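Each remark here refers to the structure printed beneath this line.
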Amino acid sequence: MSPDVNTVKDIMLNFAGLTGLSTALPHCRRYLWTDAFAVCNYLELFRQTSERAYLDLALKLVDQVHHTLGQHRQDDPRSGWISGLGEKEGTLHPTIGGLRIGKKLNERKAEEAADERLEWDQDGQYYHYLTKWMHALNCVSRVTSDPTYTRWAMELARIAHARFTYEPPQGGQKRMRWKMSIDLTRPLVSSMGQHDPLDGFVTYHELQEAGRRDFGKSPPLDLKPEIVDISEICRGIFLATNDPLGTGGLLFDGCRIAQLMAEGRLKDPALLRAVLDSAARGMESFVTGDSLLHPAEYRLAFRELGLSIGLSAVVKVQEVMKRNPGTFGQGNDLPGLVKDLTDYLPLREKIEQFWMTDRNRLSATWRDHREINMVMLATSLAPESFLRI
């Protein structure tokens, strides 16, 4: 077992109690991004300990997310599944209408003017949260050998792609919206997330590969049309970012691309090179900024921990390359690029140790985002189940 497993146990059992997963709170607190990481953390604890209780928590969390974020809010005049399906069909297809973010405030009404600051606290659907949940569901399928979870992920991918992508009225390259309404009928923020197309492209391939195997139990779904479509949206997008969470996300996507290449599902090394090169630029910018020298009150833990998780993905990429020298070692500079990224690995422990220090977790920036910080710290300490596809 990992030396950090007891710390991860404490964090994730505390999280279960705080959010109503293991306690009888009047209303459970579900938030899609946080819960996607949490599912993978419980799967990792099950992998390391073989204790069924952790798998049960992962499965219970999936069910709670679907029955909470797959249905309308309690302060909404609408009720039932946001897909519009009846109770029985909605239970069988809980993701077919998408999943709410889980924000504190209800979504902005159609007739209300947009308030950029208020929008951060208002509900709706985020594409990049949905792709994280698709990945989490696929991880559950891998551990349980039950294709139902991957099927739910693919149904989510289909509806998300259909509703978030659009052709600009003036013509030109297809684009994606950042945020949609709870029922996916209108955009709330029309600008495109920098990495949303790449994240979708990689996630669709991950699900397509899982659906192809499908554990021999049922015919796979097919995301080929969505893959072709999102490939075009990805064309020409700029990936490098100054945001540590964004850079960590690039490294996570690079890790999945490497695994798909090793399985022969993706064959062009140019994509992996572009992703890792952009991540390297982000790492250089982050280090130059010296933000890790600031006190906790001026830092956002979950953004730094996203980078830390990404650095653990570099180790995974390196392992995949060593096992598959024929795929990665001939006629390209990928091994050298990954070697350069490993120079930043000491930052992972530095970030983890900072946020494991009690006094730093007393800061307002930790307490204001406590649950997402807790869960992403746990993922950074034990990332294997999150990184595997």
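The values are calculated or read from the model by the stated rules, or taken from the named source; none is laboratory data. Quick caveat, the model's predicted, so the values are computed rather than measured. Methodologically, a virtual Cβ is constructed for each residue, glycine included, from the backbone with ideal geometry; neighbour enumeration extends over all protein chains shown.
Taking the condition of being free of Cβ contacts under 8 Å to residues at least 40 places away in the same chain and under 15 Å from residue 4 (Cα atoms), how many residues in the range 347-365 meet it?
3
Looking only at residues that are without any contact (Cβ under 8 Å) to a residue 40 or more places away in the chain and either part of a helix (DSSP H, G or I) or not assigned by TED's automatic domain parsing to the domain that holds residue 299 (or both) in the range 233-277, which one is nearest to residue 175 (Cα to Cα)?
234
Does residue 290 meet the test of being in contact (Cβ under 8 Å) with a residue 40 or more places away in the chain and among the acidic types (Asp, Glu)?
no
Yes or no: residue 385 buried (at least 20 other Cβ atoms within 10 Å of the Cβ) and among the small types (Gly, Ala, Ser)?
For residue 385, the condition - buried (at least 20 other Cβ atoms within 10 Å of the Cβ) and among the small types (Gly, Ala, Ser) - is met.
Please go through (1) assigned by TED's automatic domain parsing to the domain that holds residue 210; (2) over 23 Å from residue 211 (Cα atoms) for residue 77 and return the number of the only condition it doesn't satisfy.
(1)
Condition first: crowded, with 18+ Cβ neighbours inside 10 Å and either closer than 16 Å to residue 302 by Cα or of a type in the set (Lys, Arg) (or both). Now tell me which residues in the range 335-351 satisfy that.
Hits for the range 335-351 are 347, 348, 351.
Hey, among the residues in the range 162-178 that are out of contact with any Phe, Trp or Tyr (no Cβ under 8 Å at 6 or more places or on another chain) and not small (Gly, Ala, Ser), which one's nearest to residue 69 (Cα to Cα)?
Among residues in the range 162-178 that are out of contact with any Phe, Trp or Tyr (no Cβ under 8 Å at 6 or more places or on another chain) and not small (Gly, Ala, Ser), the one nearest to residue 69 (Cα to Cα) is 163.
Would you point out which residue out of 24, 38 is at pLDDT 95 or above and of a type outside the set (Ser, Thr, Tyr)?
None of the other options fit; the residue is 38.
Restricting attention to the range 317-367, which residues are assigned to a loop (DSSP other than H, G, I, E, B) and either aliphatic (A, V, I, L, M) or closer than 21 Å to residue 10 by Cβ (or both)?
The answer is 345, 357, 363.
Any residue at all in the range 103-110 that is farther than 19 Å from residue 27 by Cβ, in a helix (DSSP H, G or I) and at pLDDT 95 or above?
No.
Pairs, please: C-beta under 6 Å, at least 6 apart or cross-chain, first residue outside the structural domain of residue 379 (by TED's automatic domain parsing) and surrounded by 18 or more Cβ atoms within 10 Å (Cβ to Cβ) and in the range 5-29, second in a loop (DSSP other than H, G, I, E, B) and of a type in the set (D, E, K, R)?
Short answer, once both residue conditions are applied: 19/29.
Among the numbered criteria (1) at pLDDT below 95; (2) of a type outside the set (Val, Ile, Thr); (3) crowded, with 16+ Cβ neighbours inside 10 Å, which one does residue 267 miss?
For residue 267, the failing item is (3).
Considering each of 258, 210 in turn, give the residue that is within 22 Å of the chain's Cα centre (by Cα) and at pLDDT 95 or above.
258
So, in the range 368-382, how many residues would count as being buried (at least 20 other Cβ atoms within 10 Å of the Cβ) and not in a helix (DSSP H, G or I)?
1
Exactly one of (1) surrounded by fewer than 23 Cβ atoms within 10 Å (Cβ to Cβ); (2) closer than 19 Å to residue 6 by Cβ is unmet by residue 40. Its number?
(1)
Conditions (1) of a type outside the set (A, V, I, L, M); (2) under 23 Å from residue 37 (Cα atoms); (3) at pLDDT 95 or above; (4) not assigned by TED's automatic domain parsing to the domain that holds residue 14, marked per residue:
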position	(1), (2), (3), (4)
297	yes, no, yes, yes
302	yes, yes, yes, yes
305	no, yes, yes, yes
315	no, yes, yes, yes
328	yes, no, no, yes
351	no, yes, yes, yes
355	yes, yes, yes, yes
364	no, yes, yes, yes
374	no, yes, yes, yes
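Within the range 331-346, how many residues turn out to be under 18 Å from residue 316 (Cα atoms) and either touching an Asp or Glu at 6+ places or on another chain (Cβ under 6 Å) or free of Cβ contacts under 8 Å to residues at least 24 places away in the same chain (or both)?
Here the count works out to 5.
For a quick check of your reading of the model, give me the residue pairs whose first member lies in the range 124-136 and is assigned to a helix (DSSP H, G or I), whose second is hydroxyl-bearing (Ser, Thr, Tyr), with beta-carbon atoms closer than 8 Å and at least 6 apart or on different chains.
131/203; 133/95; 134/203; 135/203
Being under 25 Å from residue 127 (Cβ atoms) and touching a Ser or Thr at 6+ places or on another chain (Cβ under 6 Å) is the filter; apply it to the range 43-89 and report the residue that is surrounded by the most Cβ atoms within 10 Å (Cβ to Cβ).
For the range 43-89, the residue satisfying everything is 43.
Return a yes/no flag: does the range 183-199 have any residue that is closer than 24 Å to residue 141 by Cβ, touching a Phe, Trp or Tyr at 6+ places or on another chain (Cβ under 6 Å) and either assigned to a helix (DSSP H, G or I) or in the same structural domain as residue 145 (by TED's automatic domain parsing) (or both).
Within the range 183-199, one or more residues are closer than 24 Å to residue 141 by Cβ, touching a Phe, Trp or Tyr at 6+ places or on another chain (Cβ under 6 Å) and either assigned to a helix (DSSP H, G or I) or in the same structural domain as residue 145 (by TED's automatic domain parsing) (or both).
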